[in-house]
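Below: one structure, written as structure tokens.
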Amino acid sequence: MNGILKNLFAARPDNGKSAEATTGQPDTGAAEAALAKLSEVLAAAANGDLEARVTGIDEAVPGAEAMHALNQLLDMTDAYVRETRASLDAAQEGRFHRLFLQRGMRGVFAQGAGIINASIARMQQAAAEEQERARRQAERLEAAKGFGEHLDSTVEKLSEAASRLDELAQGLQSRMERMIDEGEQSAANAREALEGAQAVASGAHELASSIEEIARQAAESDQAVRQVREDVGNAVNATEKL
Amino acid sequence: MSRNTAAPTGRERFLAHDEIIVSKTDLKGHITYANKVFLDIADYVEEEVLGRPHNLIRHPEMPRAIFHLLWEELQAGREIFAYVKNMCKNGDHYWVFAHVTPSFDEHGAIIGYHSNRRAPGRPAIEEMERLYARLRQAEASAPRPKEQLVRGRAELDAALKEAGLGYEPYCLSIWQGRAAA
């Protein structure tokens, strides 16, 4: 409370009555007091304390106009500082709607306000772009994961089919060996058995190629997934820094 | 006597487009500074306002809910915006878009309150007249002040929900000239 009262710096030391009205002589006491008051407020402001104002200005005392002008200057400077802090604080928190209120700002104060608002608009755009990038990366990661899972199940099925084919081939070979051992020279049987064996061999070869191809693709997509994971990680870090 | 007992005249005065009304109060809301623009538009001389409660210029048609919200935010150390209808010494009125902030000392303690008030455009005034009539009606529907306040605040929340905006974005969007929803 005392802090506020000491800032009320009344310009009149004698309760408002200018000595000029009673004696007809210019009151040097009042003028000196007014000048002292002016100096006090100016010194405070120069020190970065924008709370002080001149109150109780006696219009009859020389310097009254200067005191009004000082108050006006302090009002505008104070408003400029408050708007700067509030709008930039808000922008840092992502509240980009809270712009610098420019009305009432004049000259370079108005120019500064415009520059700050342009900066806030750019900050808003950058934040939106970063959000969009992170969203797209997350989407890609999800898609890659899905593909990877699908790939896993396909490889599993092919693996099972290869095992069965392998069993079939072994079974066929056993039959062929038995046929040769038992000396059965039936041409038809032999042809059938050969064709069967060739089909199995060809099928097994195709299967092996497919599995090889899929394994290659899986390795590639694994690399892709790793890359996407890295990108998303970087994007998240960048977003956290905003 | 703290409150201005003049009856509202219904005559409107206008703050100039590029002028700012500045006033400061202590922690209790008593005026410690009022700039020339303040004094001129409200027809006061400095001695008449220094030390007086700021509600000296409160217009009876302002809903209490708005001032309640104002004090709530300020005491939490936050800035707040509000469209305010103020009353001159003789009962004339003038509209402002007020921006009120706490003032802090070097230790971060609140030492008073500061307001910059600017001239709103006609569409903003018309929209706020409508909103405040609605809030007043809600407040008038309750018998006691405490309940009046609750209803006023509830009605304000309802209006903001309809607009799909928080209080501050709502005020600022009107200031920036967004068409009413």
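Worth a mention:
- Whichever residue in the range B:1-43 is more than 15 Å from residue B:84 (Cβ to Cβ) and hydroxyl-bearing (Ser, Thr, Tyr) and, among such residues, is most open to solvent (accessible area, probe 1.4 Å): B:5
- Checked against (1) within 14 Å of chain B (Cβ to nearest Cβ); (2) in a loop (DSSP other than H, G, I, E, B); (3) over 16 Å from the mean Cα position of the chain (by Cα), residue A:109 meets all criteria but (2).
- Residue A:95 vs. criteria of a type in the set (D, E, K, R) and either away from chain B (no Cβ under 11 Å) or within 29 Å of the chain's Cα centre (by Cα) (or both): yes
- Qualifying residue in the range B:11-19 (condition: over 30 Å from residue B:146 (Cβ atoms), of a type in the set (A, V, I, L, M) and facing another protein chain (nearest Cβ under 9 Å)): no
One line per residue, one yes/no per condition, for (1) among the β-branched types (Val, Ile, Thr); (2) touching a residue at least 24 places away in the same chain (Cβ under 8 Å):
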site: B:9; (1), (2): yes, yes
site: B:20; (1), (2): yes, yes
site: B:26; (1), (2): no, yes
site: B:31; (1), (2): yes, yes
site: B:36; (1), (2): no, no
site: B:45; (1), (2): yes, no
site: B:64; (1), (2): no, yes
site: B:71; (1), (2): no, no
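- Checking each residue in the range A:87-106 for being over 20 Å from residue B:22 (Cα atoms) and not in a loop (DSSP other than H, G, I, E, B) picks out A:88, A:89, A:90, A:91, A:92.
- Of the helices (runs of 4 or more DSSP H) lying entirely inside the range B:44-156, those containing at least 2 residues that are open to solvent by less than 50 Å² (accessible area, probe 1.4 Å) and within 14 Å of another protein chain (Cβ to nearest Cβ) span B:46-49, B:64-75.
- Annotation: of all residues in the range A:45-67 being part of a helix (DSSP H, G or I) and free of Cβ contacts under 8 Å to residues at least 12 places away in the same chain, the one that is nearest to the other protein chains (Cβ to nearest Cβ) is A:65.
- Residues in the range B:80-113 that are modelled with pLDDT under 95 and charged (D, E, K, R): 2 in all.
- The listed residue being loosely packed, with under 14 Cβ neighbours inside 10 Å, hydroxyl-bearing (Ser, Thr, Tyr) and touching a residue at least 12 places away in the same chain (Cβ under 8 Å), out of A:174, A:159, A:153, A:163: A:159
- Candidates B:129, B:168, B:155 - the one that is of a type in the set (Asp, Glu) and free of Cβ contacts under 8 Å to residues at least 60 places away in the same chain: B:129
The values are calculated or read from the model by the stated rules, or taken from the named source; none is laboratory data. Predicted model, so just to flag it, every value in this text is computed and none were measured. Every residue, glycine among them, receives a Cβ derived from its backbone with ideal geometry; neighbour counts consider all protein chains shown. With ligands, DNA and RNA removed, areas are computed over all heavy atoms of the protein, side chains included. Shrake-Rupley method; radii C 1.70, N 1.55, O 1.52, S 1.80 Å.
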